[in-house]
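Have a look at the structure below, then the notes.
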Amino acid sequence: MEKNLGRWLKKYMTLEYLEKTLIRQELFLGDPQSWPDKNDSKVLDVYKSQMALKAVRATCMSMAPDRYHFWKLFGDSENGVCLWFDRKSLERDMEGDTSLRWKKVSYYTPSKLKEKCKLSELPFAKRAQYADEKEYRVLREYAEPDKKLGYGITFQPASLKRIYLNSWLSRNTYKHLKRKIAYTSPSIYSHLKIKQNRVLDYKVWIDAAAEVK
């Protein structure tokens, strides 16, 4: 476990997967081959081949402050939602699963990748241009066929602290979805803070502009 990391791990996803995630208490591990950024997927493919693994699956989270383009790219704008996990709690949830590895991503130029990165750390390496994402990656390594281990990370409800719905929603739609989420397994998610992200309309910023002389 790394020291001096931030408290939050933020998982951007689309709303269509939210209810299933909450009910199953499970984060889905995707197939990197389906990722649009082939810089990532091909690096993981190199690692899989070198380690003689049957498969590698992963999920990506962010430790960075909120960004407009995170919602556009990772949450599909008006279809997006962001889950905030307490990092230490989620790491404890994963500790019993020896097939999982997790770590913050390190960012390299091509020359530094060859010079500094070891094979064991290759799944947690990314191009320097993406450093603002402050990515935290969890992956499962499959020495045997995928189905024996499944494709999810089980988490305890208490590890999930907040849910932010996207800024593109109307206030009425936001309130409707907030009620719907609150009614999803209320006995175990009563602690959740459910809010609407304000990346498109941050009142504090706008009010400050009005004071500029």
Next item on the list: Kindly provide the set of residues from region 119-139 that are closer than 25 Å to I153 by Cβ, of a type in the set (G, A, S) and in a helix (DSSP H, G or I), ordered by number.
Entry: S120, A131
Notebook entry, point to check: Taking region 186-206, which residues are modelled with pLDDT of 90 or more and open to solvent by less than 70 Å² (accessible area, probe 1.4 Å)?
Noted result: I188, Y189, L192, I194, Q196, N197
Checklist line | Pick from region 134-144, criterion open to solvent by 10 Å² or more (accessible area, probe 1.4 Å) and modelled with pLDDT under 95, ranking: farthest from Y108 (Cα to Cα) | finding: E144
Next item on the list: Keeping to region 90-101, report how many residues are touching a helix residue (DSSP H, G or I) at 6+ places or on another chain (Cβ under 6 Å) and either of a type in the set (A, V, I, L, M, F, W, C) or open to solvent by 60 Å² or more (accessible area, probe 1.4 Å) (or both).
Entry: 2
Margin query: Being open to solvent by 70 Å² or more (accessible area, probe 1.4 Å) and assigned to a helix (DSSP H, G or I) is the filter here; which residues of region 145-185 pass it?
Written below: K147, K148, R171, N172, K175, H176, K178, R179, K180
Check: Can you pull out the residues in region 186-213 that are touching a Pro at 6+ places or on another chain (Cβ under 7 Å) and assigned to a strand (DSSP E or B)?
Finding: none
Notebook entry, point to check: Can you pull out the residues in region 1-48 that are touching a residue at least 60 places away in the same chain (Cβ under 8 Å) and assigned to a loop (DSSP other than H, G, I, E, B)?
Noted result: M1, E2, L5, G6, R7, Q25, L29
Next item on the list: Take region 104-129 and flag every residue that is touching a strand residue (DSSP E or B) at 6+ places or on another chain (Cβ under 8 Å), open to solvent by 60 Å² or more (accessible area, probe 1.4 Å) and touching a residue at least 24 places away in the same chain (Cβ under 8 Å).
Entry: K104, R127
Check: Any residue at all in region 19-29 that is hydroxyl-bearing (S, T, Y), open to solvent by 90 Å² or more (accessible area, probe 1.4 Å) and either at pLDDT 95 or above or over 26 Å from A128 (Cα atoms) (or both)?
Finding: no
Notebook entry, point to check: Which one is nearest to S167 (Cα to Cα) among residues in region 44-96 that are more than 12 Å from the chain's Cα centre (by Cα) and polar (S, T, N, Q)?
Noted result: S77
Notebook entry, point to check: Under 9 Å by Cβ, and 6 or more places apart or on different chains, what pairs join a residue from region 69-96 that is within 9 Å of S159 (Cα to Cα) with one that is among the basic types (K, R) and not in a strand (DSSP E or B)?
Noted result: D86/R7; R87/R7; K88/R7
Check: Has region 49-65 got at least one residue that is in a helix (DSSP H, G or I), at pLDDT below 95 and closer than 18 Å to K10 by Cβ?
Finding: no
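For every residue, the table says whether it meets (1) more than 22 Å from G6 (Cα to Cα); (2) acidic (D, E); (3) crowded, with 17+ Cβ neighbours inside 10 Å.
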| position | (1), (2), (3) |
| --- | --- |
| W35 | yes, no, no |
| S49 | yes, no, no |
| K72 | yes, no, no |
| C82 | no, no, yes |
| K88 | no, no, no |
Next item on the list: Residue by residue through region 130-150, note down the ones that are in contact (Cβ under 8 Å) with a residue 60 or more places away in the chain and over 19 Å from F74 (Cβ atoms).
Entry: R140, E141, Y142, A143, E144, P145, D146
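The values are calculated or read from the model by the stated rules, or taken from the named source; none is laboratory data. Quick caveat: nothing in here was measured; it's all calculated off a predicted structure. We place every Cβ from the backbone using ideal geometry, glycine too, and count neighbours over all the protein chains shown. These area figures cover heavy atoms from the full protein model, side chains too; ligands, DNA and RNA do not enter into them. Shrake-Rupley method; radii C 1.70, N 1.55, O 1.52, S 1.80 Å.
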